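Written out below as structure tokens is the structure these notes cover.
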Amino acid sequence: MGERKEVKIDKTELTRQKEIMLRLKENNNMEYQKNGKHKRYFVITFGCQQNVSDSEKLMGMLDEMGYQKTENREEADVVIINTCCVRENAELKLYGNIGAFKQLKIDNPNMLLCICGCMMEQEHAVATIKKKYRHVDLVFGTHNLYRFPELLERSMNEMYTLIDIMNTEGIIVEDIPVRREDKFKAWVTIMYGCNNFCSYCIVPHVRGRERSRLPEDIVTEIKQLAADGCKEITLLGQNVNSYGKDLKLELDFADLLKMVNDIEGIERIRFMTSHPKDISDKLIQTMSACKKVCEQLHLPFQAGSNRVLKAMNRKYTKEDYLEKIEKAKKALPGVALSTDVIVGFPGETDEDFEETLEVIKKVEFDQAFMFIYSKRTGTPAAEMENQISEDQKHKNFEKLMKLQNAIGKKANDHYLNKTVEVLVEGPSKNDATKFTGRSRTGKVVNFSGKGDIIGQLVNVKITEVFSWFLNGEME
Ligand code: SAH
Ligand code: SF4
Ligand code: F3S
């Protein structure tokens, strides 16, 4: 990780990358003319939406270089594995995957295997790859993603693994091509990094400090998306509520929401993630006033005990959290609430864990993402002496899951016989005679309907309720 210093990127750097993309495209086109075969790429993405969004950029660059996407790893000329290190199991999955490519590379020696993303910002992970997985061609991190064309070109001529991890941050590179998998919904990153340093979390160590994109760049991107037919935007950041704090502008996240709400053609706005300590009354009022902002809030509480919250460095209490939830429920009727919870943080007693269950019962979340605490090298919590046994963690985790599953089903019950607005995504996966889409509250709705409705907003009456989805009929 080491010392980091701020670096501004100049336009000549971007021009350079564009020139390389053009050069590779010409090469690929020439090869296509020779043998009638397009070069292909295959991408595996682990982790959160931030990584999904980064993969969209990598694919955008590959498209620009004349490669075509494939779902079949065996025929790929370029393979990218975009890694996550938020929990240990994410790391273990990666090593399994890299191992599996060894044989594929023997079968197809021209295949380039590239590993990037959060895990590559950790020295020990890069060292493991260098030592044990020599068939990897290229390793790069989260801060130099924009240099991918150059690195790809260089790795084609390297005998050994090319490793390029930048120990710098503070750079935001606009204008990277993006391949969006969905026409009607899009992720838009508004800020990078995190300043919070929750004591269990590796993200600030691998993603760097908070950097906000300029509001005009965000608005321009969303206007272009709207012009291309996009209806729904999810604004992304590790802590969107602190958007703008690093910019020398009189503008906060609520102001940005208003600006996005004014963009013609966009029908729905979502955002994640919010930190409970930073969610303001102004934001809740703005959510209520902006008609396009959906009645949905993801607000991780992590733990119910104030003692544990303090050790986690979360900077709020259970009482603060519950008060903010009450405010949101009042201001946003029908709001769907979701959260993240960690089980088994060092020193968590049975009494502490009971308080987590209490919050789950009180709030009645629509959805809770539940995690077993995982020790992350380099974080303060990993050094704490009172680590909880695996057995205890698993026992409590089961308890929590059981409780939340029952509550999640209950949270859906009130949809029965109600009419909800659905953004139609396409035919239902399980039953091609039906359509599928999502309500404003983010519920998956499968329904019978007719006409050319994909990408449209339609009203659906809910006739059946399940834990993970709703069934209905178009009105
Ligand atoms: N920035 C977001 C999410 C970050 S990571 C936020 O603050 O809410 C997503 C979730 O992973 C976290 O909310 C937390 O619940 C979980 N998580 C992070 N580090 C973890 C660890 N070491 N062990 C288990 N879960 C962890
Ligand atoms: Fe991690 Fe905390 Fe930052 Fe979220 S707010 S990314 S949990 S340090
Ligand atoms: Fe994982 Fe990086 Fe996201 S560590 S959770 S992919 S920011």
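Every number here is computed from the coordinates shown, using simple stated rules; none is lab data. Remember, it's a predicted structure, so these values are computed and weren't measured experimentally. So basically every Cβ, Gly included, is an ideal-geometry build from the backbone, and we count neighbours across all protein chains shown.
What percentage of all Cα-Cα pairs in region 297-413 are separated by more than 17 Å? Pairs farther apart than 17 Å: 54 percent. Taking trypsin sites (Lys or Arg not before Pro) across region 286-362, the ones in a DSSP loop with at most 10 further Cβ atoms lying within 10 angstrom of their Cβ are LYS291. Taking 0.36 nm per residue of separation and subtracting the current Cα-Cα distance, fully stretching the chain between LEU249 and THR12 would add 82.7 nm. Stokes-Einstein diffusion for region 11-164, with the hydrodynamic radius set to the Kirkwood value over Cα pairs and evaluated at 20 °C in a medium of 1.002 mPa s, equals 136 µm²/s.
Packing-based ranking of 116-122, 255-261 yields 116-122, 255-261, ordered from highest to lowest mean Cβ neighbour count within 10 Å. Calculated FRET efficiency, ALA127 to LYS93, Cβ-Cβ distance, R0 = 22 Å: about 0.70 to the nearest 0.05. The packing ranking, built from the mean of other Cβ atoms within 10 Å per residue, places the peptides 398-409, 243-254 in the order 243-254, 398-409, highest first. Diffusion coefficient (Stokes-Einstein, Kirkwood radius over C-alpha pairs, 37 °C, 0.692 mPa s) for the chain: 136 µm²/s, rounded to a whole number. In this simple spin-label model, placing a label point 7 Å from the Cα along the Cα-to-Cβ direction at both MET30 and GLU326 gives a separation of 7.1 nm. In the chain, the calculated helix contribution to ellipticity at 222 nm averages -12000 deg cm²/dmol per residue, counting -39,500 (n - 2.57) for every DSSP H run with n ≥ 4. At q = 0.14, 0.16 Å⁻¹ the log10 of I(q)/I(0) for region 354-431 amounts to -0.71, -0.81, computed by Debye summation with a single uniform scatterer per C-alpha, solvent ignored.
Relative contact order of region 1-102: 28 percent, from C-alpha pairs under 8 Å at least 6 residues apart in sequence. Using all pairs of distinct alpha-carbon atoms, the Kirkwood hydrodynamic radius of region 419-474 works out to 10.7 angstrom. Using the empirical formula 2.2 N^0.38 Å as the baseline, the Cα radius of gyration of region 199-343 reaches a ratio of 1.09.
With the Kirkwood sum run over all distinct C-alpha pairs, region 221-300 has a hydrodynamic radius of 12.9 Å.
Dividing the C-alpha radius of gyration of region 373-475 by 2.2 N^0.38 Å, with N its residue count, gives 1.57.
Using only side-chain charges placed at the Cβ, +1 for Lys and Arg and -1 for Asp and Glu, the dipole size of the chain relative to its Cα centre rounds to 340 debye.
Mean projected area of the convex hull spanned by the Cα atoms of region 106-205, taken over all viewing directions: 8.9 nm². Using equal-weight Cα scatterers in the Debye expression, the normalised intensity of region 291-339 in log10 at q = 0.20 Å⁻¹ is -0.69.
Cβ screening of the chain for cysteine pairs under 4.7 Å finds these without a partner: CYS48, CYS84, CYS85, CYS114, CYS116, CYS118, CYS194, CYS230, CYS290, CYS294. The spacing between region 172-195 and region 386-405, judged by their C-alpha centroids, is 35 Å.
Using Cβ point charges alone (K and R +1, D and E -1), the dipole size of region 11-164 about the Cα centre works out to roughly 200 debye.
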